[in-house]
């Protein structure tokens, strides 16, 4: 049986850096996200903005180990980190006063991982 290996060098570096950060700081959330990104892409999370609106509170920091899609409306100021964003999702998040960023940027801003929720 053929083993699926990641071909995207940026993804490989992200997974390695998340695992390293988890080991060095003892923060389990980064290892959890790395393990989710190691799975086949068809098993990655795809989260719509309507889900973010429904299950998060204003000012929350959310990580999506996959892609954020633009279906639905967003009225809360959220900080959302994901591997990918659709262009409409990124625009709607920023129009609501929130912030969209990559997972690497979130690790640099919040290395201890306190107050971060994983959605997806």
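Rule-based calculations on the coordinates, nothing more; no lab input. None of these values were measured; they are calculated from a predicted model. Note that each Cβ is placed from the backbone with ideal geometry, even for glycine, and that neighbours are counted across all protein chains shown.
Couple of notes before you dig in:
- Calculated FRET efficiency for the pair residue 102/residue 23, C-beta based, R₀ 22 Å, to 0.05: 0.60
- Between the C-alpha center of region 1-58 and that of region 90-119 there is a gap of 14 Å.
- Here the simple spin-label model places points 7 Å from the Cα toward Cβ, and for residue 112 and residue 39 these points are separated by 3.0 nm.
- Cα-based shape type of the chain, given that a ≥ b ≥ c are square roots of the gyration tensor eigenvalues and the cut on a/c is 1.5: oblate
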